[in-house]
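J.: The following block contains the structure, expressed as structure tokens.
The values are calculated or read from the model by the stated rules, or taken from the named source; none is laboratory data. Please read these numbers as outputs of a predicted model, since none were measured by experiment. Every residue, glycine as well, gets a Cβ built from its backbone with ideal geometry; the counts of neighbours run over all protein chains shown. Please note that ligands, DNA and RNA were not included when accessible areas were found on the heavy atoms of the full protein model with its side chains. Shrake-Rupley method; radii C 1.70, N 1.55, O 1.52, S 1.80 Å.
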Amino acid sequence: MKKVFFWLVAVVMLLTGSDAFAGQQLDAVFPYSLEKRNIQTVSGHSTMPLYINLTSFDVPRIQQAEVSVRLPEGFSALPKEGWQVTKDGAVASWSLDADYAQNFDLLYIQAEETAVPGSNEIVVSVKGDGWEVQKKLQFQYDAAGGNVAQPQEKTKKIDRKKFNWYIQSVTLPVDPFGHRDDRTENGVIYVRDTTLEGFRNRMKGEGATNWSAVFNHPAAFLLLDMRNPQKDIRVLKFKAQLLDRVTGNVAEGLVTAGKTNHEAGEGWAGNTGEESETTALISLDGKKTQAFVLPLYVDYFKVLEGEYTLRVTVAGGGQQKIQEVPLTIAKKQSLGLMAVAFAFVCFLLMFILLFRMKKCIFEIGAKGAITVALFAAISFGGIALPSTVLGDLVHALLGPFSGLVTGLLSGIMQYLLIVSLLVLYRKLGVLTLLYVLKFMLSGIMFGHFSPIGVLSTSVYIVVTESLLWISGFYTKEILKTNYMFFVALLLGMGDALITFVNLEQMMFFYRLYYADWFLAMYMIVNGLLYSSIGSWIGYKTGIKLRQVVGE
């Protein structure tokens, strides 16, 4: 019997068609918040949005639906296109497509002087051909708006034209959390230079440039501080544009995330805004003050450096507020390019030293070559290995200041080994051989073979060898104490230069940022101080080692 009943039901459904599964679903929220916050209380004299969403499914024909909103006494709907405001609410006519349709809209409701405090109800009804759905929305109305008046104060009538939402201030740049970005000056945005983007990626071993990721990464963030005296809840449209300070016309440069650019490649979300502007939606949630952290996107192929005016427009509900702030767009690239160019020059000069290295090996002999290899192994095992293994742990504890600890190895210990070896074998090329062996060991053990690693090693070799050659270190018959003190300071200054060049290269290739004070601190401490101390200790150690070798 059960099987017979099942098949009878199935046959009836097939005969009646897909309308057996057809239906309509009505969703309504009041007050509605874009952040999906659960707001139950409406403040006095405020304006709140009513969200209505109607979904129709499995109906194989176009339908007409009549939407009606019945409001409690003292509440009225604001005029809006597509809606007819009535005495007790508003009505609209929606058309639902066949098979599947979804219609939604926001209707703003305003509280009048005659609104009754306490519990109130809004009824949303939708009627169609043979069907009707209804939603009842309960909310609390607080006529005082959360403010308790003093007994001696007289109630003042609110001037709606004066007391409304408005822009208090616009601050940029800020970080993603809305805090002032101390890395740049106020009103200055540094944008990345994409001219050499392919070169950067190939030097880092990343291959072709992912332009979608480049364009969808914010160039900066701004802080929009809004004031909302009437505690309105509204969904507003934000728009940012660049204005030419001379002509006042909108200048190219800003875009909206998801914009498609044929030069940059397809596959984004499509054009979500107008040309030359960054757009977004923001939601007032009924607070008197509210801050929004909004991203600014730029078109790196069109944006130009210069002085602009940033026009911020916030609009919604037939109202529009505009505020303009000065803005400077700059591309911080000159020092990075100079550092990379200097590194390439060092790379070319290094070939001269590599040819000299063969002659150096014959001059120092097998004993000297073994000694250099031993020092290179000590440098790798005692400096490169601990710095690599413990570097992440120290960085987790000390953050950006971890280099001051690891610099004890790469600064003091490194130059201790270098100078002590040079005291034993004062030949041009010994230092080159040491660095090459250390680089090969690091590359084999950790896979650190990369174009940037080659450039960094080239800078170390050329700068250090040049300073020693210019100072006459290789031709001095006797290494006196005063002279070696000078050499120690000279090597310290040379390492400060190397530190600066390598940090600028990292900023150029990896899009990092180091503040000027941070660069200066590393150059002075890790470069000048640690390296000078290490060189002086290395001189004393080298004398002791030379005595042992002589014996």
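J.: Expected output is a single nm value to one decimal: the length gained when fully extending between MET440 and SER466, i.e. 0.36 nm times separation in residues minus the C-alpha distance. What is it? Don't skip to the answer; put the middle values down first.
T.: Numbers: separation 26, 0.36 × 26 = 9.36 nm, distance 2.22 nm.
Additional length available on full extension: 7.1 nm.
J.: If each residue of separation counts as 0.36 nm, what is the full-extension length gain between ALA330 and TYR100 once their alpha-carbon separation is subtracted? Please report the intermediate quantities before stating the final value.
T.: Values: separation 230, 0.36 × 230 = 82.80 nm, distance 5.00 nm.
Once the chain is fully extended between ALA330 and TYR100, it gains 77.8 nm.
J.: Shape verdict for segment 23-149, please, from the Cα gyration tensor: rounded (a/c under 1.5), prolate (a/b greater than b/c) or oblate.
T.: Values: a/c = 2.61, a/b = 2.10, b/c = 1.24.
It comes out prolate by the Cα gyration axes.
J.: Which entries in LYS438/LYS540; LYS136/LYS288; LYS476/LYS540; LYS358/LYS427; LYS480/LYS544; LYS87/LYS287 show an alpha-carbon gap greater than 20 Å? Mind dumping the intermediate values first?
T.: Working: LYS438/LYS540 23 Å; LYS136/LYS288 28 Å; LYS476/LYS540 17 Å; LYS358/LYS427 12 Å; LYS480/LYS544 15 Å; LYS87/LYS287 29 Å.
Where the Cα-Cα span goes over 20 Å, the pairs concerned are LYS438/LYS540; LYS136/LYS288; LYS87/LYS287.
J.: Students sometimes get this wrong: rank PHE177, PHE486 by accessible area, probe 1.4 Å, all chains present, largest first. Provide the component values of the computation, followed by the final result.
T.: Values: PHE177 165, PHE486 100 Å².
Largest to smallest exposure gives the sequence PHE177, PHE486.
J.: Please say if segment 355-482 is rounded, prolate or oblate, where rounded means a/c under 1.5 for a ≥ b ≥ c the square roots of the C-alpha gyration tensor eigenvalues, and otherwise the choice is prolate for a/b larger than b/c and oblate otherwise?
T.: Values: a/c = 2.04, a/b = 1.59, b/c = 1.28.
Taking the square roots of the gyration eigenvalues as a ≥ b ≥ c, segment 355-482 is prolate.
J.: Given Cβ point charges of +1 (Lys, Arg) and -1 (Asp, Glu) and nothing else, what value in debye, to the nearest 20, does the dipole of segment 335-549 about its Cα centre take?
T.: Values: 13 positive and 7 negative charges, 160 e Å.
Dipole size: approximately 760 debye.
J.: Here is a further query. Skip the ligands, DNA and RNA, and give the accessible area per residue of segment 324-405 with a 1.4 Å probe, whole Å². Could you put the intermediate results ahead of the total?
T.: Working: 4690 Å² over 82 residues.
Using a 1.4 Å probe on heavy atoms only, each residue of segment 324-405 averages 57 Å².
J.: When only DSSP loop residues count, what GluC sites (Glu not before Pro) in segment 449-531 have their Cβ near at most 12 other Cβ atoms within 10 Å?
T.: Working: sites: GLU465, GLU477, GLU504; in loops: GLU477.
Answer in residue order: GLU477.
J.: What does the net charge come to around ALA315 if you take all other residues with beta carbon closer than 12 Å to its beta carbon, with K and R at +1 and D and E at -1? Kindly include the intermediate steps, with their values, before the conclusion.
T.: On the way: positive: ARG234, LYS237, LYS239, LYS321; negative: none.
Taking every Cβ under 12 Å from that of ALA315, the sum is +4.
J.: While we're looking at this one, here's another question. Starting from the amide H of ALA251, placed 1.01 Å from N in the peptide plane, find each other amide H under 5 Å away whose residue is 5 or more places distant or on another chain.
T.: Under 5 Å from the amide H of ALA251 lie the amide H atoms of LEU242, LEU243, ASP244, each far enough along the sequence or on another chain.
J.: Residue separation times 0.36 nm, minus the C-alpha to C-alpha distance between ILE361 and GLU66: what's the value? Walk me through the numbers before you get to the answer.
T.: Numbers: separation 295, 0.36 × 295 = 106.20 nm, distance 9.42 nm.
Net length gain for the segment: 96.8 nm.
J.: Something else about it: Once ligands and nucleic acids are excluded and a 1.4 Å probe is used, how much of SER76 is accessible, expressed in Å² to the nearest 10?
T.: Around 40 Å² of this residue is reachable by solvent.
J.: Hey, what do the phi angles of segment 68-80 turn into as Karplus ³J(HN,Hα) couplings, whole Hz, using 6.51/-1.76/1.60 and θ = phi - 60°, x for Gly and Pro?
T.: Residue by residue, segment 68-80 yields 10, 10, 9, 9, x, 4, x, 10, 9, 8, 7, x, 8 Hz.
J.: With a 1.4 Å probe and all protein chains in place, put ARG311, ARG61 in order of accessible area, largest first. Could the numbers behind the result be given before it?
T.: Numbers: ARG311 65, ARG61 105 Å².
Greatest to least solvent exposure: ARG61, ARG311.
J.: May I ask you to rank THR481, THR114, THR47 by accessible area, largest first, using a 1.4 Å probe over the protein chains only?
T.: Sorted descending by solvent-accessible area, the residues read THR114, THR481, THR47.
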